[in-house]
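S.K.: Take a look at this one; I'll ask things after.
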Amino acid sequence: QQRHHWPPDEFRVIELHHMKLGHFLAYNCLGNAAMHAALYPLALARTRITAQPGRLEYSGFAHCLRSVLAHEGLRGLYAGAWTRAAHVINAALVGVTYETVRASAEPLPAPARGAVAGGCAALASQALLVPADVVTQHIMLLPMARLSPVAATVAMAPGAGWLGQAGAVIRWIRRRHGLAGFYKGGLWSLVLFLPNSAAMWSAYSAYCDWLYRWLDSPPRLAVQLTAAPLAGATAGLLTNPIDVLRLRVMLQADRGAGARDALRRLWAEEGPAWLAKGLSARLAQSALFSFLFVLYYEPAKRLALKDEFKGALL
């Protein structure tokens, strides 16, 4: 059955059964690689600001980016970027999971479908992403020797460049924490990414519907590109404290240290202000991430449309 008739005031969404799957996966992975390359410096700044106690090295988001560029060069802004290649591979899994679950939840309203599908997509992605993020975040902190438990080990490691750094960090984690070290903070990643993804996709659907009705049927992509950063900032604001705690748990050097230890340290260093630590960087990163994600994701879906649906959905 071809489901491509909508009420005139309903925002039309391209779903998995409308697309050629192979084309969708290829376009999705290419777009994801470009997006992560563009956003990586923001992720690096976010990690460094969150990891430091108080304002030990950086006074804010812009200061961090300027300092890294001045002292470490353009290469410094992309420290550890290659270890995040898992995010590109993961894009295919996330896209298919999201679209499949969203289609299966069709009786629900659009925001609820987005929340359920976004949560399931985040859950499916974490097995691959948590180890990549643990290694990447340690590499990001190497120039901050006072805060990096791995810095001395990597400095003595043979070989230069990103491959030598990544290998030294992986060996340090394995010796210090065993295989479980690559999933350090994994529970908190789930606690973060499940509600963050659910909130982002739910808000995105709600903003799209609202903008489409309020602006009286404007162009589809204009609605989506306006809704995306609003949804990203909404999700980022709601989940910032979880992200701060997750990152601190991942970076702890002690084998037995957990969320309680990280929380005690955060409270001692910042007081209640830790809840908003790095918030400006997270809002900027989340809004821009959502904007760039939709900028490639929605056109990828349109390019992958089956011929029989092009008249109804373009």
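The values are calculated or read from the model by the stated rules, or taken from the named source; none is laboratory data. Here the structure is a predicted model, which is why all the values come from computation and not from measurement. For neighbour counting, all protein chains shown are included, and Cβ atoms are generated from backbone atoms with ideal geometry for every residue, glycine included. Quick note on the areas: whole protein, heavy atoms, side chains included, nothing else; ligands and nucleic acids left out. Shrake-Rupley method; radii C 1.70, N 1.55, O 1.52, S 1.80 Å.
S.K.: Which residue, 166, 85, 268, tops the fluctuation ranking in a GNM of the chain built on C-alpha contacts under 10 Å?
M.R.: The residue that fluctuates most here is 268.
S.K.: Mind checking which lysines have their C-alpha under 30 Å from residue 301, skipping anything on the same chain fewer than 8 residues away?
M.R.: Within the straight-line limit of under 30 Å, residue 301 reaches these lysines: 20, 310.
S.K.: If you don't mind, there's one more thing I want to ask. With all protein chains present, how much of the accessible area of the chain (probe radius 1.4 Å) comes from carbon and sulfur, to the nearest whole percent?
M.R.: Details: 9380 of 14270 Å².
Within the chain, the accessible surface is 66 percent carbon and sulfur.
S.K.: Moving to a separate point now. Could you calculate the contour length gain from residue 38 to residue 85, that is, 0.36 nm times the residue separation minus the distance between their Cα atoms, to one decimal place in nm?
M.R.: Working: separation 47, 0.36 × 47 = 16.92 nm, distance 1.36 nm.
Taking residue 38 through residue 85 to full extension adds about 15.6 nm, to one decimal.
S.K.: What does the charge count near residue 243 come to, summing +1 for each Lys or Arg and -1 for each Asp or Glu among other residues with Cβ under 9 Å from its Cβ? Walk me through the numbers before you get to the answer.
M.R.: Values: positive: 46, 246, 282; negative: none.
Net charge around residue 243: +3.
S.K.: Calculate, for residue 123 and residue 180, the FRET efficiency according to 1/(1 + (r/R0)^6) with r their C-beta to C-beta distance and R0 22 Å; round to the nearest 0.05. Before the final figure, lay out each step's value.
M.R.: Working: r = 20 Å, r/R0 = 0.89.
Approximately 0.65, to the nearest 0.05.
S.K.: Below 15 Å, Cα to Cα, which aspartates and glutamates can residue 184 reach? Residues fewer than 8 away in the same chain don't count.
M.R.: The qualifying aspartates and glutamates are 133, 243, 254, 261.
S.K.: Taking the Cα atoms only, what angle lies between the long axis of helix 21-51 and the longest principal axis of the chain, rounded to 10 degrees?
M.R.: 40 degrees
S.K.: Hey, another quick one. Could you order the peptides 105-114, 46-55 from most to least packed, using the average number of other C-beta atoms within 10 Å per residue?
M.R.: For the peptides 105-114, 46-55, the packing ranking is 46-55, 105-114.
S.K.: Once a ≥ b ≥ c are taken as the square roots of the eigenvalues of the Cα gyration tensor of region 37-186, is the result rounded (a/c under 1.5), prolate (a/b larger than b/c) or oblate (a/b not larger than b/c)? Working shown, then result.
M.R.: Numbers: a/c = 2.40, a/b = 1.71, b/c = 1.40.
Prolate shape, in that a/c is at least 1.5 and a/b is the bigger ratio.
S.K.: Let me ask you something else. Assign one of three labels to region 216-314, namely rounded, prolate or oblate, based on the Cα gyration tensor with a ≥ b ≥ c the square roots of its eigenvalues; rounded applies when a/c is under 1.5, prolate when it is not and a/b is larger than b/c, and oblate otherwise.
M.R.: Details: a/c = 4.99, a/b = 2.60, b/c = 1.92.
Because a/c hits 1.5 or more and a/b exceeds b/c, region 216-314 counts as prolate.
S.K.: Based on DSSP H runs of at least 4 residues, each adding -39500 (n - 2.57), what is the mean residue ellipticity at 222 nm of the chain after dividing by all its residues, to the nearest 500 deg cm²/dmol? Each step should come with its number before you reach the end.
M.R.: Numbers: 11 runs with 223 residues, N = 314.
Rounded to the nearest 500, the figure is -24500 deg cm²/dmol.
S.K.: Is the shape of the chain rounded, prolate or oblate, going by the alpha carbon gyration tensor and its root eigenvalues a ≥ b ≥ c, with a/c under 1.5 for rounded and a/b larger than b/c for prolate?
M.R.: Working: a/c = 2.09, a/b = 1.85, b/c = 1.13.
Prolate shape, in that a/c is at least 1.5 and a/b is the bigger ratio.
S.K.: Let's test the formula: R0 of 41 Å, r as the Cβ-Cβ distance of residue 273 and residue 308. What FRET efficiency results, to the nearest 0.05? Can you show the working numbers first?
M.R.: Values: r = 56 Å, r/R0 = 1.36.
Rounded to the nearest 0.05, the efficiency is 0.15.
S.K.: Using alpha carbons only, how many degrees (0 to 90, rounded to 10) separate the axis of helix 61-77 from the longest principal axis of the chain?
M.R.: 80 degrees
S.K.: Can you grab the distance from the C-alpha centre of region 261-314 to the C-alpha centre of region 17-35, Å, no decimals?
M.R.: Here the two parts' Cα centres lie 18 Å apart.
S.K.: Something else: With the other protein chains left in place, how much accessible area per residue, in square angstrom, belongs to the chain at a 1.4 angstrom probe?
M.R.: Details: 14270 Å² over 314 residues.
About 45 Å² of surface per residue is accessible.
S.K.: Another question, then. Can you give me the angle between helix 161-177 and the longest principal axis of the chain, using Cα atoms only, in degrees from 0 to 90, rounded to the nearest 10?
M.R.: Rounded to the nearest ten degrees, it is 80.
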